[in-house]
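Structure provided below as structure tokens; questions to follow.
The values are calculated or read from the model by the stated rules, or taken from the named source; none is laboratory data. Keep in mind that what you see is a predicted model, and the values were worked out from it rather than measured. Every residue, glycine as well, gets a Cβ built from its backbone with ideal geometry; the counts of neighbours run over all protein chains shown. What goes into the accessible areas is simple: the full protein's heavy atoms, side chains included, and nothing from ligands, DNA or RNA. Shrake-Rupley method; radii C 1.70, N 1.55, O 1.52, S 1.80 Å.
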Amino acid sequence: MSSFRIILLLSLIGLILRFPYFFPAVIDWDESTFILMGQNILDGNLPYTEFWDLKPPLTFYSFAFFIFVFGKSILAIRLGGFVFLIATSYILYLIGKQAYNKNIGIISAILCIVFVSLTPSGQATMTEIVTLLPLMLALYILIRFEYSSKTLFLLGVCIASAFLVRLNLAYVAVGIFIFLFFEMRELKFSDFVKNLLIFISGSLFVMLLISLPYLITNQGILLFDSVFRVSLEHTSSRLSISEVFIELINKGFGIQNLFLWGTTLIGVFLLSFKQINKKNKATVKVGVFFISILYSIIASGSSHEHYLIQIIPIMSIISAVAIDYLINSKIKLFILVILFLGLLPFSSIFNEYKTLVDRSMNNQKLEVGPQYEIAQFLEEMNPKKEPIYLMTDHIIYWFMNMKPPSKVTLHPSNIAREYMVKIIKGEKFSSKSELLEILTLKPLFIVKNKDLWYLKDNIELSQILEKNLSKNYTKIKTIEGRNIYKRKSTLVDTKIVL
């Protein structure tokens, strides 16, 4: 099968699995944040200067790229994620083919598309999907090419591009460095040091390119605080490594991943004890990536299930080894196919197709979600585009070509993270001062769910918000659980209630 046909096959599988998810406004609200930050770059601003969020800068440049190339729509953003996933799966095919055989390459590529798409939030364009492309490209370079100055430099470039989308993957850079240290220890000392420095210089090159605009404009501290200082504080305030590991095990062994986990365990056994390709160094390199990616996830301090997307490509390779072995061992193929289909929750995808067909038959727009309805309502009620405050569904800012009322609250839940507010705005600021600053702007509309989960542990903020809504605002509409409040008066002396 030619490369073109393989790409066509992978694209067809990916399109079938992901097409109905091109139209919902929100699958995961983190995606909305990345879209807004990407749009802000296209509007002429550096990340973190006008608006802020807790992700490395290449995340936002990637979304700016999607909007610039594919257009300003949710469909365009999901299309960008689709293209990245197909590119990643093709690289995975090349890795499997190079390390083992062509069948393993094809199987691993297909498994990657399927299980990324079935993971919760995996249908959205998440940072995990964006980072997989440079991450798997790094593994391919490591497996495919001999160690040369060009190879090691490109390896450093790829791995830096990956961890500047998801910072936890810096652990993978450390894992690769340790591997190279032992792999090249037989070289002359001068060559040994030179090669390691070239690998490091590739990563530093990417970091310098990202940092240069900030250094030129004397905003280096802002970049450092946003990328490293807040991230370290964020991680230290979350779950321990053991707690994350236990939670991810509980979540990761869901029905949608049972087949992948099962065959991965078989693959690990075969590669470790059956000595399949026992002299194959590629297996060691795959193992280095597997261990370092897995550690980077559990060391992140959070146990969101979509974090597991980062490990799915490596698991797909190991799983493909097991499937290929079982097929060649005269295990009937149809048994594997039945097991595969029976363990996958395709019903959710069928339901999305049903919704899509129903809307099409009723001559309704394919774009679906209360966010579109709220945006239309607010545009009709707010022709002058006075400030609004979205405490949920912040993608509505993008639909309305409007901006959030403050730098930190681009992602609504950031207002409850006081350490973020203090690091980004200064020690004298707090969650309370941030909320008061927003209310002082007297937004014409405030949109919120009845209960905001991110304020449940902050009684003071909740009380200030509710008192001001009660005194200065009137609830005028509810759309699918989202309450829309309108300011009672446009008088300058409307007071903020403490």
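Charges at C-beta only: +1 for Lys and Arg, -1 for Asp and Glu. How large is the resulting dipole of the stretch 39-122 about its Cα centre, in Debye rounded to 20?
Approximately 380 debye in magnitude.
Skip the ligands, DNA and RNA, and give the accessible area per residue of the stretch 354-498 with a 1.4 Å probe, whole Å².
51 Å²
In percent, how large is the relative contact order of the chain, given Cα pairs closer than 8 Å and 6 or more residues apart?
Once normalised by length, the contact order is 17 percent.
With labels modelled as points extended 7 Å from the Cα through the Cβ direction, what inter-label distance (nm, one decimal) is found for Ile246 paired with Asn351?
3.1 nm
Rounded to the nearest percent, how much of the accessible area of the stretch 380-460 (1.4 Å probe, protein heavy atoms only) is carbon and sulfur?
53 percent
How many nm is it between the label spots at Leu12 and Gln463, if each spot is 7 Å from the Cα in line with the beta carbon?
With each label point 7 Å from Cα toward Cβ, the separation is 6.4 nm.
Using just the helices of the chain, give the 222 nm mean residue ellipticity in deg cm²/dmol: DSSP H runs with n ≥ 4 each add -39,500 (n - 2.57), and the total is spread over all residues, rounded to 500.
Calculated mean residue ellipticity at 222 nm is -20500 deg cm²/dmol.
A further question on this structure: Can you give me the accessible area per residue for the stretch 103-181, using a 1.4 Å probe, in Å²? It would help to have the intermediate numbers written out before the result.
On the way: 2110 Å² over 79 residues.
Each residue of the stretch 103-181 exposes 27 Å² on average to a 1.4 Å probe.
Exceeding 29 Å between C-alpha atoms, which entries from my cross-link table qualify? They are Lys354/Lys486; Lys385/Lys471; Lys365/Lys456; Lys385/Lys432; Lys422/Lys442.
The answer is Lys354/Lys486; Lys365/Lys456.
Work from the charge dipole of the chain (Cβ charges, +1 for Lys and Arg, -1 for Asp and Glu, about the Cα centre) and give the residue of Val321, Asn40, Tyr485 farthest towards its positive end.
Ranked along the dipole, the leading option is Val321.
Just to compare against my own numbers: the Cα pair-distance distribution for the stretch 1-58, 10 Å bins, whole % per bin, please.
Here the calculated profile for the stretch 1-58 is 19, 30, 25, 22, 4.
Only four residue types carry charge here, +1 at the Cβ of Lys and Arg and -1 at the Cβ of Asp and Glu. Report the dipole size of the chain about the Cα centre in Debye, rounded to the nearest 20. Intermediate values should be presented prior to the final figure.
Details: 48 positive and 35 negative charges, 103 e Å.
Charge dipole, the chain, about its Cα centre: 500 debye, nearest 20.
Here is a follow-up. Could you list which residues have their amide H under 5 Å from that of Tyr389, counting only those 5 or more apart in sequence or on another chain, with H placed in the peptide plane?
Phe445, Ile446, Val447
Given Cα pairs under 8 Å that are at least 6 residues apart, what percent is the relative contact order of the stretch 390-433? The partial results should precede the final answer.
Details: 32 pairs, mean separation 11.5, N = 44.
RCO, the stretch 390-433: 26 percent.
Further question: To check you understand DSSP bridge types, tell me what percent of the beta bridges within the chain (both residues inside) are antiparallel, rounded to 5.
Taking every DSSP beta bridge with both residues in the chain, the antiparallel ones total about 75 percent.
Also, quick follow-up: Please give the charge dipole size of the stretch 1-149, origin at the Cα centre, charges +1 on K and R Cβ atoms and -1 on D and E Cβ atoms. Round to the nearest 20 debye.
660 debye
Could I ask something else about it? Give me the percent of the accessible area of the stretch 1-82 that comes from carbon and sulfur atoms, probe 1.4 Å, all protein chains in place.
Carbon-and-sulfur percentage of accessible area, whole number: 69.
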